[in-house]
Amino acid sequence: MNVKEMDKAYVAGTYKRFPLEIVSGQGSIVKDETGKEYIDLGSGIAVTSFGIGDAGWKQAIIDQMNKVQHMSNLYYTEPCARLAELLCQKTGMKKVFFSNSGAEANECAIKTARKYAAKKHGPNCYTIITLKNSFHGRTITTLAATGQDHYHELFQPLTPGFVHAEANNIEELETLVNQQPTVAIMIECVQGEGGVIPLSPEFVSAAAKIAWEKDILLIVDEVQTGNGRTGQLYAYMHYGIQPDIVSTAKGLAGGLPLGATLLGDKVQDVLGFGDHGSTFGGNPLCCAGALSILSRLDDAFLAQVREKSAYLFQAFENAPGIEAVTGLGLMIGLKTKKPAPQAVAECMEKGVLCLTAKDKVRLLPALNIPMDILKKAAQVILEVCAQ
Ligand SMILES: *Cc1c(COP(=O)(O)O)cnc(C)c1O
């Protein structure tokens, strides 16, 4: 059997894979099993922040590998402590819990919010308001948080205590908050899986204000939007708000599995001994990789992310066959005249790998993609969409 046949025979059928086996890569270029090269505009779904095999990132992991690859959380390790410090310094948050994925980072956010509210407001205060069309993960609880029915249908009963408000509808949010004791409001500043749709600044400000006034926690899911993706370190920073809890993962460690839940002033001491844990969470290799990424996401670097974003918006807006361009930073959605899966297949044929999100073509290039490669890829997308 070749790899594709073996995969089909033995790997659970949860992924509709593209007919492509990726065997190697460097930076924003990946190679398939026949040696054909592609420009990668997906970055493993916003994971490989500095592309494939970035030299500094690799060296940081190798150096740590030569010391110790894993230790249980019963002991201190340096990368974990240093990464937590750097995350807090860069955000003003106070403490960090490390896990291995976005769903787990959100689970920790939800547990923290529930415990905060139970202690402060009693056992009837447990509801968390999330948004329709959101995506927060695939565990039973984060599915409940996810405001898209089609993910829910065959997995009932889900964790109770989640209600979904329409995005950008301040009135509905207020109504829901007043209908029941509410623990938290949880948002993605840019809905990623939901179609790369930024929330309106008015709505995000109103949500933050409502949360502040009613002692409701504001949780921002930065799993996809975080770590420089939108041209700020975290997307909430575009909106001038200070969340109580921030969850992140995907791009944080540049390609190793790491989730982080950042805890602000109000909730920094909510979790105590035994309240939560993770065997792999804070793994030294993952944290060393993340330190290499995060330490390079400075103002100058973020400025070049915004420049590349501006270039793409300019290239795609009003282009033939492209009806709308949405998103923020290097998280871009294209509403194309032809169906998104067809556009993505044609781009692949021409050597450019894109993603979809709902009915959009979704672009999540590496944050350090060289401008000439980005221009070449944009040219291919423009050609495909115009046909
Ligand atoms: C991808 C994603 C998740 C889930 O992350 P996993 O690492 O797949 O568990 C959660 N929230 C958002 C916004 C995401 O984009």
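Points worth noting:
- When residues in segment 113-141 are screened for being within 12 Å of the ligand (Cβ to nearest atom) and of a type in the set (Lys, Arg), 1 of them pass.
- Just one of (1) crowded, with 16+ Cβ neighbours inside 10 Å; (2) more than 30 Å from Val196 (Cβ to Cβ); (3) charged (D, E, K, R) fails for Asp54. It is (2).
- Test result for Leu131, on the phi < 0 side of the Ramachandran plot, of a type outside the set (Phe, Trp, Tyr) and surrounded by fewer than 24 Cβ atoms within 10 Å (Cβ to Cβ): no
- For segment 16-76, the strands (runs of 3 or more DSSP E) that sit wholly inside it and include 1 or more residues that are without any contact (Cβ under 8 Å) to a residue 12 or more places away in the chain and more than 16 Å from the ligand (Cβ to nearest atom) are 22-26, 29-32.
- Subset of segment 211-262 [part of a strand (DSSP E or B), in contact (Cβ under 8 Å) with a residue 60 or more places away in the chain and under 10 Å from Cys189 (Cβ atoms)]: Asp221
- The set of residues from segment 165-191 being open to solvent by less than 60 Å² (accessible area, probe 1.4 Å) and either under 20 Å from the mean Cα position of the chain (by Cα) or among the hydroxyl-bearing types (Ser, Thr, Tyr) (or both) comprises Ala167, Thr182, Ala184, Ile185, Met186, Ile187, Glu188, Cys189, Val190, Gln191.
- Residue-level check: of (1) surrounded by 14 or more Cβ atoms within 10 Å (Cβ to Cβ); (2) closer than 23 Å to Thr112 by Cβ; (3) away from the ligand (no atom under 16 Å from the Cβ), Ala144 misses just (3).
- Scanning segment 252-293 for residues that are within 15 Å of the ligand (Cβ to nearest atom), open to solvent by 30 Å² or more (accessible area, probe 1.4 Å) and more than 18 Å from Cys108 (Cα to Cα) turns up Gly255, Leu256.
- The single residue among Glu222, Glu307 that is among the charged types (D, E, K, R) and away from the ligand (no atom under 13 Å from the Cβ) turns out to be Glu307.
The values are calculated or read from the model by the stated rules, or taken from the named source; none is laboratory data. Quantities reported herein were computed from a predicted structural model and do not represent experimental measurements. Note that each Cβ is placed from the backbone with ideal geometry, even for glycine, and that neighbours are counted across all protein chains shown. These area figures cover heavy atoms from the full protein model, side chains too; ligands, DNA and RNA do not enter into them. Shrake-Rupley method; radii C 1.70, N 1.55, O 1.52, S 1.80 Å.
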